[in-house]
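So the structure is just underneath, and the comments pick up after that.
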Amino acid sequence: MKIGTDGVLLGAWTPIAKHTDSILDIGAGTGVISLQMAQRCGAQTIDAIEIDDLAHEQCTQNFEASPWTDRLFCYHASVQEFASEIDEKYTLIISNPPFYRDTFKTESLSRDTARFEDALPFKHLLVCASHLLEDDGCFSVIIPKKEEDHFIQLASESNLYPLKICRVKGRPSAEIKRSMILFSFKKQAPQIETLVIETERHQYTTEYQKIVSNFYLKM
């Protein structure tokens, strides 16, 4: 499966607290975000959840081929099943969820499962994240900007509140397309910033390069 900008950006941007010792990647796909977490920190437990058969298989292969294989594990399950069976809590939960709920669907079930919000409703994601998160932990997610207000409202129903928001747009004159949001159980005024990816095609801004350069061979 193709590696998307959203996942890499979220994995690079998400703050990791010094005390982080356990991380959960919900909807891991091929495991890119989990691998970024392993590269960025020394957390001894980095678990991933992936429901799609082929993605789970590829994720497991990628974990086994990495230098951090002893810290990485991918569960083949839905987050709802996982949350109902696992008692463990995580310091950091991160997710690049499916969210193309108003887009025409393709003929590929696995592609649709990865892309469409009805495969993992935001409400289910937030309830499960809240259940699995340590009291002083954080939940990080990337969603379409147009869903930001709705998602924050849903999050508040699970006692999760925005700590930091980064709004992302492709170019300076473009509209904001994505929101990366870091949630916690503490209610406070969030820190808000905007990130521009390019000044023109393949001319990346200094801010974007600073965030993601450790994860690309050429930039």
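Rounded, prolate or oblate: which fits the chain when a ≥ b ≥ c are the square roots of the eigenvalues of the alpha-carbon gyration tensor, with rounded for a/c under 1.5 and prolate only if a/b beats b/c? Please list the in-between numbers first.
On the way: a/c = 1.21, a/b = 1.13, b/c = 1.07.
Verdict is rounded for the chain.
With a 10 Å cut-off between alpha carbons and a GNM built on the chain, which of Val168, Val196, Val79 moves the most?
Val196
Filter Lys123/Lys186; Lys186/Lys210; Lys164/Lys210 down to the pairs with a C-alpha to C-alpha distance above 23 Å, please.
Details: Lys123/Lys186 19 Å; Lys186/Lys210 28 Å; Lys164/Lys210 18 Å.
Exceeds cut-off: Lys186/Lys210.
How large is the accessible surface per residue of the chain, computed with a 1.4 Å probe and reported in Å² as a whole number?
Details: 11390 Å² over 219 residues.
Here the per-residue accessible area is 52 Å².
From the Cα gyration tensor of the range 10-94, with a ≥ b ≥ c the square roots of its eigenvalues, which class applies: rounded if a/c is under 1.5, or else prolate if a/b is larger than b/c, or else oblate?
It comes out oblate by the Cα gyration axes.
Less than 10 Å Cβ to Cβ from Glu134, Lys/Arg counted +1 and Asp/Glu -1: what total charge do the surrounding residues give?
On the way: positive: Lys89; negative: Asp21, Glu88, Asp135, Asp136.
So the environment of Glu134 carries a net charge of -3.
Residue by residue through the range 197-210, which ³J(HN,Hα) values in whole Hz follow from phi under the Karplus form 6.51 cos²θ - 1.76 cosθ + 1.60 (θ = phi - 60°), with glycine and proline marked x?
Per-residue couplings from phi come out as 7, 10, 8, 7, 3, 6, 9, 7, 5, 4, 5, 5, 4, 4 Hz.
Give the long-range amide H neighbours of Leu133: residues separated by 5 or more places, or on another chain, with amide H under 5 Å away, using H modelled in the peptide plane at 1.01 Å from N.
Distant-sequence amide H within range of Leu133: Tyr90.
Hey, what number do you get for the chain at 222 nm if only DSSP H runs of n ≥ 4 count, each worth -39500 (n - 2.57), divided across all residues, to the nearest 500?
Details: 8 runs with 72 residues, N = 219.
Rounded to the nearest 500, it is -9500 deg cm²/dmol.
Determine the distance separating the Cα centre of the range 140-214 from the Cα centre of the range 1-31; give it in Å without decimals.
When both Cα centres are located, 14 Å separates them.
For Phe73, Phe63, give me the order by solvent-accessible area with a 1.4 Å probe, most accessible first, ignoring ligands, DNA and RNA.
Ranked list, largest accessible area first: Phe73, Phe63.
For the chain, with all protein chains present and a 1.4 Å probe, just round the carbon and sulfur fraction of the accessible area to a whole percent.
Carbon-and-sulfur percentage of accessible area, whole number: 49.
Hey, what do the phi angles of the range 143-148 turn into as Karplus ³J(HN,Hα) couplings, whole Hz, using 6.51/-1.76/1.60 and θ = phi - 60°, x for Gly and Pro?
9, x, 4, 5, 9, 4
The values are calculated or read from the model by the stated rules, or taken from the named source; none is laboratory data. Only a predicted model underlies this, so the values are computations on that prediction, with no experimental measurement involved. Neighbour counts are summed over all protein chains in view; Cβ atoms, including those assigned to glycine, are modelled from backbone coordinates with ideal geometry. Calculation scope for accessible area: heavy atoms of the full protein, side chains included, ligands and nucleic acids excluded. Shrake-Rupley method; radii C 1.70, N 1.55, O 1.52, S 1.80 Å.
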